[in-house]
Every structure is written in structure tokens, then in C-alpha cells.
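These notes are about the structure you will find just below.
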Amino acid sequence: MSDEAKTVILTGASQGIGHATVQRFMREGWRVITCARQDVPAHCRRDPLWTHHIPTDLSRGDSLEAFIREANAVLEGQPLHALVNNAGLSPKTPYKERLGVLNGSIDGWKEVFDLNFFAPLRLARGFASALHRGKGAIVNITSIAGHYVHPFAGSAYSTSKAALSGLTREMAAEMAQLGVRVNAVAPGEIKTEMISPEYEALIPRIPLDRMGSVEDVAGVVYRLCSDDFGYVTGTEIFVTGGQHLY
């Protein structure tokens, strides 16, 4: 890896917001190192800026630590300029109910928190030295569901994202001494391959009267990692079309 281009590490890159964010960074000339539980399409990996994709299960400690070791080896002591913690889990019960306070297993809650909360914490620690060398930025992908009771997102998911919002503030305060900025992006209703038809019922609650696109989120994530936001840290930006106003 040369010293010419900036480098970003992004989790959950195989689809949706993560995949769109990878595409945005590459259009801006950044090198990209990614992970996901599954591989990415071959035609995407032909881009020379997508230097490494490492299949990883971030909910498993051994897999997460292996990813940190391999990605740091790829960096070869060079700076890391951004870490985007995008991977997340929002499970349902076997009956497709929300995983809530009164239903679903506690082990299910633990799995959600392992991926949505503890993985970003462990990755921030694992790449802190590289981010310090790059005077880089961390962006945590939270959710509107972390701030309001959501009709479809379960309690486990919502509270894990609320915890990640709090962690973002704590990270920002502590990592400032390393010259690393930490912010969050909270998407609302974003149209992806995974979204179900019932989400259409939420559009009347959105002032901009449409669902967001993955590109809407990717653009905000990229800008938070750019020099334009070099004096912004500890902030959470709502990409909701105004839905969070109500």
C-alpha cells in the first residue's frame, strides 16, 4: 500500500448502506478494506481501490480479533484515515415478532449487543494506533430507533443503537487526545434489499415524503470523514428526511 491515497475500513460491506458507502469512498479515491459475513460480488472487487475484503463474523470474538490482525497487517504500519462501524443486526423472533422486553431469548439480546455495540468498541480499540497515525475519524451507524420507539425495530436492536449513540460521545471525548474524531449517523427509513413492505406505511410520517436511499446515508458518512468536518466530533447526524422531528 502506498502513501498517496487515504484508507478507510468499513464493516458490513456486502450490501445496503455498507456497499453504497464503499462505492462512495472509492469514487473519492480512497482505498477500502472491508469485512462482512459474506463475500462481495466479484465485479465490485475488481476495482483496484477495494484492496481487501475479509469474510468475518463480528459477533464472534475470535473472528473479530482475526479481522483486526489481518487488517492491521494490510496497513503495514501506515495510517488509517477512517473506520466506519456499519455492521448491525436486527433479528426477529421465530414468529417474526419484534425481539422485545417480554419475548425472545436473552441470548438473542446478547447476540445483538455483541454486534451492534461491543464490536464497534473493540474495533475502535484495535485500530486506535492506526487512526492516531492518520488523525482519522470514526463513524458509527446508529439508528432513529435508538431515540424513539419504532413499530418494527425490536427493543434489543433499539437499545443497542441507543447505547452506541452514548458510546459515540464517550469515544469522541477519549479519542480526541489521539487526534481522532468520532461521530455517528442515525438513518431513518432507508430503502434497501432487506426492507419489508410494511415500512411503506411509515412514509406519511416523513416530512420529505419518501424513504431515504443508501446513497443519502453514504454521502453523510463520507463527509464526516473528510477534512470539511475536521472540527466536528461527538455529533450524531439524523438522516431521516425529518422523521425524527415528530
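State the antiparallel share, in %, of DSSP beta bridges confined to the chain, rounding to the nearest 5.
So the antiparallel bridges in the chain amount to around 5 percent.
Between Leu178 and Asp209, what is the FRET efficiency for a Förster distance of 35 Å, r being their Cβ-Cβ separation, to the nearest 0.05?
That pair, Leu178 with Asp209, gives E of 0.25.
Could you work out the relative contact order of the chain? I mean the mean sequence separation of Cα pairs under 8 Å and 6+ apart, divided by the number of residues, in percent.
It comes to 20 percent, rounded to a whole number.
Loop only per DSSP, at most 15 neighbouring Cβ atoms within 10 Å: give me the GluC sites (Glu not before Pro) in region 145-246, ordered by residue number.
Glu193
Mind listing the long-range amide H neighbours of Thr51? Cut-off is under 5 Å, sequence gap 5 or more, other chains count too, H placed in the peptide plane at 1.01 Å from N.
Val32
Name the residues of region 128-152 whose amide N is less than 19 Å from a point 7 angstrom out from the Cα of Leu102 along the C-beta direction?
Taking a point 7 Å out along Cα→Cβ of Leu102, the residues of region 128-152 whose backbone N falls under 19 Å are 149-152.
Extending each Cα 7 Å along its Cβ direction at Tyr199 and Glu65, get the distance between those two points in nm, one decimal.
3.5 nm
Using Cα-Cα distances under 8 Å and only pairs 6 or more residues apart, what relative contact order does region 39-173 have, in percent?
With pairs under 8 Å counted, the relative contact order is 28 percent.
Which chymotrypsin sites (Phe, Trp or Tyr not before Pro) in region 175-232 sit in a loop by DSSP (not H, G, I, E or B) and have at most 14 other Cβ atoms within 10 Å of their own Cβ?
Hits after loop and neighbour filter: Tyr231.
Per DSSP H run of n ≥ 4, the term is -39500 (n - 2.57); total these for the chain, divide by its residue number, and report the mean residue ellipticity at 222 nm rounded to 500 deg cm²/dmol.
Result for the chain: -10500 deg cm²/dmol, rounded to the nearest 500.
Can you give me the distance in nm between label points at Arg125 and Glu170, each placed 7 Å from the Cα along the Cα-to-Cβ direction?
Calculated label separation equals 1.1 nm.
Along the positive direction of the dipole of the chain (beta-carbon charges: Lys, Arg +1; Asp, Glu -1; about the Cα centre), which of Gly166, Leu202, Phe113 reaches farthest?
Result: Gly166, furthest along the dipole toward the positive end.
How much length, in nm to one decimal, is gained on full extension between Gln15 and Tyr246, taken as 0.36 nm per residue of separation minus their Cα-Cα distance?
Extra length available between Gln15 and Tyr246 comes to 80.2 nm.
Putting +1 on Lys and Arg Cβ atoms and -1 on Asp and Glu Cβ atoms, find which of Val32, Pro48, Val101 reaches farthest to the positive end of the dipole of the chain.
Of the listed residues, the answer is Val101.
How big is the charge dipole of the chain about its Cα centre, in debye rounded to the nearest 20, if each Lys and Arg gets +1 on its Cβ and each Asp and Glu gets -1 on its Cβ?
Value, rounded to 20: 100 debye.
What is the order of Arg181, Arg210, fewest Cβ neighbours within 10 Å to most?
Lowest to highest Cβ neighbour count: Arg210, Arg181.
Computed from the coordinates by the stated procedures, all read-outs in this text should not be read as laboratory data. Just so it is clear, the structure is predicted and the values come from calculations on it, not from any experiment. Cβ: placed from backbone, ideal geometry, glycine included. Neighbour counts: every protein chain shown.
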